[in-house]
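Notes for the one structure printed next.
The values are calculated or read from the model by the stated rules, or taken from the named source; none is laboratory data. From a predicted model like this one, the values you see are computed outputs, not experimental measurements. Glycine also receives a Cβ, built like all others from the backbone with ideal geometry; neighbour counts cover every protein chain displayed. Just so you know, the surface numbers come from the protein's heavy atoms only, side chains and all, with ligands and any DNA or RNA stripped out. Shrake-Rupley method; radii C 1.70, N 1.55, O 1.52, S 1.80 Å.
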Amino acid sequence: MVQITINGKQIETPEGTTVLRAAESAGIYIPRLCDHKELIPYGGCRLCIVEVNGWRVPMASCTLSVSNGMVVNTETEAIKKSREFILSMLFSERNHFCPFCQVSGGDCELQNAAYREEMTSWPIQPGWSNFTVDTSHPYFILDNNRCILCRRCVRACGELVGNFTLSVAERGAASLIVADTDVPLGESTCIKCGTCVQVCPTGALIDRVSVYQGHDKDLTEIKSVCVGCSVGCSMNILVRDNRIVRIEGDWEGKVNSGLLCEHGRYDPLTEARQRITTPQIRKNGKLEPVTWEEALRTVSDKLSPLAGDKNGVAAIASTRLTVEALSMFKELFSDRFNSNMVTSIEEGVPTAAATRFAEKNGAFEGKLDILRTADTVLCIGANINRSHMVAGFLFKRNMPKGTHLITIDPDISELDDMANIALKTKAGSDLALIKGLQAIIVKEGLGRVSLILPNADALIEQAVQTSGISHEELAQTAQMLAHSISPVILFGKGITAQRNESLIEELHRLAVLVGAVDNERFGLLSMKGEANSLAATLLGLDETFKLNGHQAVYIALGDDYASKSLVERTSKAPYLVVQACYESKLTEQADVILPVTIWSEQEGHYINLDGRTQQAKKPFSPRRCIRQYDRIQ
């Protein structure tokens with residue numbers, strides 16, 4: 001710890017802390033524009049300059065590390081004049097006409113900084129630039145006329161997301177933010193995560209989904225958890241008039257540190273499915289609206305006589321439901337109805353095999369945080385550029401620093417283009433391939449632990465023949481893994497869907513062999529599936545859904561999607577009750593439809609893929625007809 005003085009206030013702070021962060025910790029505000037706590041200090045805007053006793057010139061506090069005995073002043077007359085001049089230059093460089101800007105009135109950091117310095121105008125003639133406004137993106141707009149070139153968006157795209165889509169083209173006054181090789185943003189490699197929009201301090205990047213729907217001061221912020229997948233990202237839901245205006249990542253979130261993907265940030269705001277708000281019963285072959293009393297009485301009269309009959313009611317629930325809802329679902333149908341078919345929509349595909357292995361051998365998976373420091377990531381049977389995207393951000397951003405990526409998947413993946421090694425294997429060859437990698441490591445003496453494989457050559461040959469991968473590619477993969485200091489192995493549905501515990505066992509053995517798993521480190525992680533996949537499996541809701549003479553089927557679909565397979569398997573059910581939020585092929589064939597709340601109208605707990613239990617809060621009230629259902633219950 002070092003002792004410094006800022007504006008006459010003595011502060012004790014850890015060595016290596018910047019003056020800006022030290023001031024923040026003591027409640028002293030230093031204006032800034034290019035700085036963001038999740039980004040590497042840049043020192044571009046110079047608005048955060050401070051005077052240090054004994055130093056000849058002012059310094060940018062965001063890049064200046066503290067030293068013992070340092071005396072800092074942040075509000076001298078000279079500093080104030082410098083800040084006013086800097087702001088005047090920024091305002092004059094582009095077309096910053098505040099009355100016409102969407103973020104004017106409290107949401108623009110540039111405007112707020114000017115008001116803090118008591119500026120109402122600037123004396124320098126504007127440059128009258130006229131940059132083209134890029135409106136090609138489905139979710140946000142890029143207007144370089146309002147850009148201050150702080151490069152927050154560029155840095156966030158690379159340092160946080162690892163996508164490196166944005167950059168700066170041209171030089172001097174002509175500098176502008178571009179995507180890839182200056183292509184329209186909507187045609188670029190952008191993955192639509194929206195991180196760049198969230199960090200932009202001005203109106204250069206604005207969210208077209210929530211544009212002109214109110215300033216932050218007019219919105220209510222609710223901290224909750226994304227239910228888009230099993231990563232479990234923390235997020236802030238901004239609400240007005242009982243509806244969601246905008247969703248942002250929570251910078252304090254322990255899982256995601258402020259990051260969100262397209263599915264978490266924009267999918268809830270662009271939901272286009274038709275909402276079900278009234279109970280319906282099939283009468284004379286047609287679904288007709290009815291009262292809650294009639295709907296519940298009809299379901300009760302039909303299902304109650306089946307209680308105690310193992311083949312009476314088959315029940316299946318979405319893994320997007322809360323832990324509380326899943327627990328009550330199991331209690332109702334397993335305990336009270338004594339049904340022999342109570343499961344979840346995912347049927348344990350992403351979780352059952354790994355969970356069974358853990359029950360027999362103890363915990364073997366790590367936390368998502370291991371991806372932040374991995375120097376090699378083996379991704380097998382998981383396309384995390386399509387699902388669980390935030391997990392991919394955690395290591396993709398380190399690839400320019402030397403982190404290696406190995407992908408093993410028979411399908412084409414967006415990860416293949418950035419991978420150091422991309423193995424396109426034959427379907428069903430995973431077990432042989434994993435054993436082959438083990439055999440090469442053991443044969444060449446590269447393992448971290450001792451393992452005897454007398455048939456190593458045969459295993460290698462079998463891996464080559466079964467997978468279609470050459471011996472050279474197999475050896476290169478094994479060597480890259482074995483030479484890693486902190487490797488991590490990620491696996492997804494491509495592995496777990498085979499429901500083969502021996503496959504998980506061999507993957508675990510490979511992880512131990514290369515040092516990914518030992519007594520102190522667990523560098524093996526499965527991606528699971530939807531928000532409560534793990535909770536569903538822990539509750540035993542992981543059987544394969546089969547109808548075997550069942551007289552009725554109850555589906556708690558919620559706001560989930562009904563797969564084609566589920567629709568087909570339930571099409572011949574004698575009696576079908578669907579508890580759903582939206583119309584679908586499944587509701588079309590139901591005998592009774594019970595409308596329920598969507599994710600944002602309910603609260604409860606979720607267990608994410610690495611076992612963290614988190615609470616999701618309800619940002620607004622459900623529709624009146626749904627509230628009536630709550631009252632009846």
query = Is the chain rounded, prolate or oblate when judged by the Cα gyration tensor, a ≥ b ≥ c being the square roots of its eigenvalues, rounded requiring a/c under 1.5 and prolate requiring a/b larger than b/c?
reply = oblate
ask   = If you rank Asp180, Asp457, Asp35 by how much accessible surface each has, with a 1.4 Å probe, what is the order from largest down?
value = Asp457, Asp180, Asp35
query = What is the extension gain from Glu473 to Asn338, computed as 0.36 nm multiplied by their sequence separation minus the C-alpha to C-alpha distance, in nm to one decimal?
reply = 43.3 nm
request  = Label the stretch 375-448 by shape, choosing from rounded, prolate and oblate, from the square roots a ≥ b ≥ c of the eigenvalues of the Cα gyration tensor; if a/c is under 1.5 it is rounded, and otherwise prolate applies when a/b is larger than b/c, oblate when it is not.
outcome  = oblate
ask   = Rounded to the nearest 500 deg cm²/dmol, what is the calculated helix-only ellipticity per residue at 222 nm for the chain, with -39500 (n - 2.57) per DSSP H run of length n ≥ 4?
value = -7000 deg cm²/dmol
key: Contour excess over end-to-end distance, with Cα ends at Ile452 and Arg297 and 0.36 nm allotted per residue   = 49.2 nm
query = Which of the lysines could a cross-linker span from Lys330 if the Cα-Cα distance has to be under 21 Å and same-chain partners fewer than 8 positions apart are dropped?
reply = Lys302, Lys310, Lys528, Lys546
message = Given a 1.4 angstrom probe, what's the average accessible area per residue across the stretch 95-200, in square angstrom?
response = 46
request  = Work out how much length Trp128 to Asn361 would gain on full extension: take 0.36 nm times their residue separation and subtract the Cα-Cα distance, in nm to one decimal.
outcome  = 77.1 nm
request  = Using only alpha carbon pairs under 8 Å that are at least six residues apart, calculate the relative contact order of the chain and give it in whole percent.
outcome  = 13
Accessible carbon and sulfur surface of the chain relative to its total accessible area, %, 1.4 Å = 49
query = What shape does the stretch 1-88 take by its C-alpha gyration tensor, where a ≥ b ≥ c are the square roots of the eigenvalues and a/c under 1.5 counts as rounded, a/b above b/c as prolate, and the rest as oblate?
reply = oblate
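Restricting to the chain, what percent of DSSP beta bridges are antiparallel, rounded to 5?
55
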query = In what order, largest first, do Glu324, Glu601, Glu15 sit by accessible area if the probe radius is 1.4 Å?
reply = Glu15, Glu324, Glu601
task = Go through 215-227, 231-243 and give me the packing order, highest mean Cβ count within 10 Å leading.
result = 231-243, 215-227
Proximal aspartates and glutamates to Lys80, defined as alpha-carbon separation beneath 13 angstrom and excluding residues fewer than eight positions away on the same chain = Glu51, Glu117, Glu118
